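Trainee: Okay, handing you the structure first.
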Amino acid sequence: GENVEQHPSTLSVQEGDSAVIKCTYSDSASNYFPWYKQELGKRPQLIIDIRSNVGEKKDQRIAVTLNKTAKHFSLHITETQPEDSAVYFCAASGTGANNLFFGTGTRLTVIP
Amino acid sequence: GAVVSQHPSWVICKSGTSVKIECRSLDFQATTMFWYRQFPKQSLMLMATSNEGSKATYEQGVEKDKFLINHASLTLSTLTVTSAHPEDSSFYICSARDSWDTEAFFGQGTRLTVV
């Protein structure tokens with residue numbers, strides 16, 4: 001099945017700085033790439049997603065970029081705040097394949 | 001967003017017994033449901049994918065006879081851990097979606113402890 005790799009595994013940034021998390025995937029048929037945020041003790045929740053027909057999507061301080069040729073996509077968080085501290089997961093799935101495969105997660109810590 | 005409810009949120013069972021975990025989509029039809037296992041500070045490991053009315057597709061290394069998955073309706077999937085052992089202790093979490101390119105909504109998870 002799909003293999004999703006995510007880097008870095010941990011990331012610490014000063015409040016107000018930007019954070020970037022990168023993922024690569026193996027299955028060129030994958031067309032849907034969501035990002036989830038999991039706060040301690042809570043369920044993962046979708047923060048942004050992108051489909052293969054676009055290269056970039058932005059929602060306030062969060063943006064995702066997708067390079068289908070290189071098979072990688074990235075999450076960008078600008079003007080980070082302490083409440084952004086959580087574990088972030090990327091994922092990938094494709095047409096006809098209902099599976100949703102997750103990356104290994106990035107623990108983001110925003111230092112006040 | 002849509003709601004996925006998972007029960008129980010925690011369970012303690014004796015070694016050798018079976019435990020059933022339920023995952024319900026409350027306000028949408030879940031064509032596909034996923035079951036994951038999550039170890040502390042680790043990622044979500046996909047165990048199996050189930051489509052309503054058909055047999056679940058298990059990931060490599062997951063014992064289908066040990067982790068029984070049933071997806072009898074568009075709103076309910078169950079995971080039964082049979083003959084549980086201490087090494088099965090983990091956090092199990094389900095998610096559901098209605099299409100391949102839509103958001104998957106997660107249940108709150110079940111912490112299983114086998115003693």
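The values are calculated or read from the model by the stated rules, or taken from the named source; none is laboratory data. Computed from a predicted model, the values in this text were never measured in an experiment. For neighbour counting, all protein chains shown are included, and Cβ atoms are generated from backbone atoms with ideal geometry for every residue, glycine included. Accessible surface is based on the protein model in full, side chains and every heavy atom, while ligands, DNA and RNA are left aside. Shrake-Rupley method; radii C 1.70, N 1.55, O 1.52, S 1.80 Å.
Trainee: Could you say which residue among B:K55, B:K41, B:K14 is within 22 Å of A:A91 (Cα to Cα) and either without any contact (Cβ under 8 Å) to a residue 12 or more places away in the chain or touching a strand residue (DSSP E or B) at 6+ places or on another chain (Cβ under 9 Å) (or both)?
Mentor: Within the list B:K55, B:K41, B:K14, the selection yields B:K41.
Trainee: Filter the stretch A:16-61 down to residues that are of a type outside the set (K, R) and more than 16 Å from the chain's Cα centre (by Cα), then give me how many there are.
Mentor: Residues that pass the stated criteria total 8.
Trainee: Further question: Give me the pairs: first residue in the stretch B:94-115 and more than 21 Å from B:S9 (Cα to Cα) and at pLDDT below 95, second residue of a type in the set (A, V, I, L, M, F, W, C) and not in a loop (DSSP other than H, G, I, E, B), beta-carbon distance under 9 Å, and six or more apart or on different chains, which are they?
Mentor: Within 9 Å, the pairs are B:W100/A:A97; B:W100/A:L100; B:E103/A:L46.
Trainee: Please tell me if B:F28 is modelled with pLDDT of 85 or more and among the hydrophobic types (A, V, I, L, M, F, W, C).
Mentor: yes
Trainee: Name the strands (runs of 3 or more DSSP E) wholly within the stretch A:2-106 that hold at least 3 residues that are free of Cβ contacts under 8 Å to residues at least 24 places away in the same chain?
Mentor: The strands (runs of 3 or more DSSP E) meeting that bar are A:45-51, A:56-59, A:62-67.
Trainee: Give the number of residues within the stretch B:51-78 that are basic (K, R) and closer than 21 Å to B:P8 by Cα.
Mentor: Within the stretch B:51-78, residues that are basic (K, R) and closer than 21 Å to B:P8 by Cα number 1.
Trainee: From the list A:S85, A:S12, exactly one residue is modelled with pLDDT of 95 or more, touching a Leu at 6+ places or on another chain (Cβ under 7 Å) and of a type in the set (S, T, N, Q). Which is it?
Mentor: A:S85
Trainee: Whether any residue in the stretch B:33-50 is at pLDDT below 95, farther than 24 Å from B:T113 by Cβ, surrounded by fewer than 18 Cβ atoms within 10 Å (Cβ to Cβ) and not charged (D, E, K, R) is what I want to check.
Mentor: no
Trainee: Got a sec? Which of B:E59, B:E103 is more than 15 Å from the chain's Cα centre (by Cα), within 14 Å of chain A (Cβ to nearest Cβ) and open to solvent by 10 Å² or more (accessible area, probe 1.4 Å)?
Mentor: Testing whether each residue is more than 15 Å from the chain's Cα centre (by Cα), within 14 Å of chain A (Cβ to nearest Cβ) and open to solvent by 10 Å² or more (accessible area, probe 1.4 Å) leaves just B:E103.
Trainee: Quick check on the stretch A:54-85: of everything there that is on the phi > 0 side of the Ramachandran plot and of a type outside the set (K, R), which residue is farthest from the other protein chains (Cβ to nearest Cβ)?
Mentor: A:E79
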